[in-house]
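What follows is one structure encoded as structure tokens, with my remarks underneath.
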Amino acid sequence: MAPVAPRSGDAIFANVERVNAELFTLTYGAIVRQLLTDLEEVEEVNKQLDEMGYNIGVRLIDEFLAKSNVSRCVDFKETAEVIAKVGFKMFLGITATVTNWDADGTSCSLVLEDNPLVDFVELPDTCQGLYYCNILSGVIRGGLEMVSMKTEVTWLRDMLRGDDAYELQVKLLKQVPEEYPYKDDE
Amino acid sequence: MIGVGKIKQYTNVLEKPINKGKQEVSLSAFAFLFSELVQYNQTHVDNIAELERRLEDAGYAVGARVLELLCHREKLCHISWAGFESLSFPSHVWIRLFVETAIEGNRRETRLLGILSFVHSTVWKVLFGKVADSLEKGTEHEDEYMISEKELLVNRFISIPKDMGTFNCGAFVAGIVRGVLDSAGFPAVVTAHFVPVEGQQRPRTTILIKFAEEVLQREARLG
């Protein structure tokens, strides 16, 4: 069977079932609020959001690969482009831009202009250290780990903290070759 | 790229304009997020009643905000509609229509059936994309009403293991309804139940609303 050509993010988004972004936004707000009440420490909440994002990412990658038909990415640059143009579009309905590549092509920035997670949100003074959208960094980390890339994802700019956009830095730490669970000579 | 516009910075979140609410995300994004909410709460509780209560509390917060958002938006929609329609009228008539319709859009629901149909139609339409399947009055008690849905959006990708008995993730939606009703001045106890339906593999979900005594008394007074 001839391989199916990869579909653009817009085409996939038009074909998946969609829900109102506000339900999504308000549910995420409820989650963050619950975490803040339970854990109280802002650092703990950041870690927990990252964990939750990781759990989502390891399952999300399956759906992503199934629906988008992308072929294996040649290098990390292509990976970042695919995440920004196809990934974000098909799940959140937004597009990100990839900028700030470093010299050896292992680290880049994903810039999000608008973000459905943060509608109606303002950080109070007591939570200034909170990375409200930290779940996104976990999702990217989890998803990439399932395709054999160990990465580190950090927030460079955060609109809730007064910057003008959301900027995620994705750094490729190493590519882990896939391990076969069975020995060759069995 | 030259000339790319800079996003306008709002110092205060209250100054930011509220968008029309037409933005969408994929269902799977919401489903993943909801499953994480349930999983997180599962590790922090000892029993099922506690889990349902926590989901309901999360939903309550959503419901209270949904009501505010919808009421604010409804007012705006009414104003813009009146403004458009009245262009052909002389200006003093236009102003009167504008004011009258603006007030009408702002009117609070004070009657039981009014708020129930608001939840059943408007709230459901905004949150889940369709009106709820049915709205019924309970036959056994005066203060009970039921909103039924063949398959709740939140339950679509969830299966309950046998040892969790009657647990229903629809408790989140029950919380949303309770949040809306409470903020609108109709305190109630709202719960979610599975109702098996003949011929259908998955049971139907019913949101049972039991209004507080004061709501019924007020309703009786208003005739």
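According to the Cα-based calculation, Rg over Rh for region A:106-179 is 1.05, with Rh computed by the Kirkwood formula. Neighbours of B:Arg54, meaning other residues whose beta-carbon lies under 15 angstrom from its beta-carbon, give a summed charge of -4 when Lys and Arg score +1 and Asp and Glu score -1. Kirkwood radius and radius of gyration were both taken over the C-alpha atoms of region B:119-198, and their ratio Rg/Rh is 0.96.
When B:Lys130, A:Lys67 are arranged by Cβ crowding within 10 Å, least crowded first, meaning fewest neighbours, the order is B:Lys130, A:Lys67. Eigen-decomposition of the gyration tensor built on the alpha-carbon atoms of region A:45-186 gives equivalent ellipsoid semi-axes of 28, 17, 15 angstrom, largest listed first.
Which value does Rg/Rh take for region A:1-110 over its C-alpha atoms, Rh per Kirkwood?
For region A:1-110, the value is 1.03.
Listed here are the pairs B:Lys22/B:Lys137; A:Lys47/B:Lys130; A:Lys67/B:Lys16; A:Lys89/A:Lys150; A:Lys47/A:Lys77; A:Lys89/B:Lys150; which of them are more than 25 Å apart at the Cα?
Values: B:Lys22/B:Lys137 32 Å; A:Lys47/B:Lys130 36 Å; A:Lys67/B:Lys16 35 Å; A:Lys89/A:Lys150 23 Å; A:Lys47/A:Lys77 27 Å; A:Lys89/B:Lys150 30 Å.
The answer is B:Lys22/B:Lys137; A:Lys47/B:Lys130; A:Lys67/B:Lys16; A:Lys47/A:Lys77; A:Lys89/B:Lys150.
Take each complete run of DSSP H in chain A, measure how far its Cα atoms stretch along the helix's own axis, and keep only those covering 30 Å or more with mean Kyte-Doolittle hydropathy at least -0.5; list them. Display every interim value, and only then the final one.
Values: long enough: A:42-68 (36 Å, -0.27).
In chain A, the long hydrophobic H runs are A:42-68.
Computed about its Cα centre, the charge dipole of chain A is approximately 580 debye, with only Lys, Arg, Asp and Glu carrying charge at their Cβ.
About its Cα centre, the protein assembly as shown has a charge dipole of approximately 1380 debye under the convention of +1 per Lys or Arg Cβ and -1 per Asp or Glu Cβ, with nothing else charged.
Give me the orientation-averaged projected area of the Cα convex hull of the protein assembly as shown, in nm², one decimal.
Values: hull surface 118.9 nm².
Spelled out: convex hull of the Cα atoms, projected over all directions, averaged, 29.7 nm².
Residues in region B:165-173 carry Karplus couplings, in order, of x, 9, 4, 9, 5, x, 4, 5, 5 Hz; the curve used is 6.51 cos²θ - 1.76 cosθ + 1.60 with θ = phi - 60°, and Gly or Pro positions show x. Bridgeable aspartates and glutamates around B:Lys125 (alpha carbons under 16 Å apart, same-chain partners fewer than 8 residues away excluded): A:Glu17, A:Glu22, B:Glu24, B:Glu68, B:Glu74, B:Asp133, B:Glu149, B:Glu151.
What does the charge count around B:Ser35 come to, taking other residues whose C-beta lies under 15 Å from its C-beta (Lys +1, Arg +1, Asp -1, Glu -1)?
For residues surrounding B:Ser35, the net value is -1.
Put in line by how crowded their Cβ is, counting other Cβ atoms within 10 Å and starting with the fewest, B:Ser148, B:Ser26, A:Ser8 read A:Ser8, B:Ser148, B:Ser26.
May I ask for the net charge around A:Arg59, where only other residues with Cβ less than 14 Å from the Cβ of A:Arg59 are counted and Lys, Arg are +1 while Asp, Glu are -1? Please report the intermediate quantities before stating the final value.
Numbers: positive: A:Lys67, A:Arg141; negative: A:Glu51, A:Asp62, A:Glu63, A:Glu145, B:Glu36.
Counting the neighbours of A:Arg59, the net charge comes to -3.
Taking θ as phi - 60° and the Karplus parameters 6.51, -1.76 and 1.60, the scalar couplings of region B:198-215 work out to 5, x, 10, 6, 8, x, 7, 10, 10, 9, 9, 10, 10, 6, 6, 4, 4, 5 Hz in sequence order, x denoting glycine and proline.
No lab work stands behind these numbers, since they all come straight from the coordinates. All of these numbers come straight from a predicted model, not from anything done at the bench. As a convention, Cβ positions derive from the backbone with ideal geometry for all residues, glycine included, and neighbour counts pool all protein chains shown.
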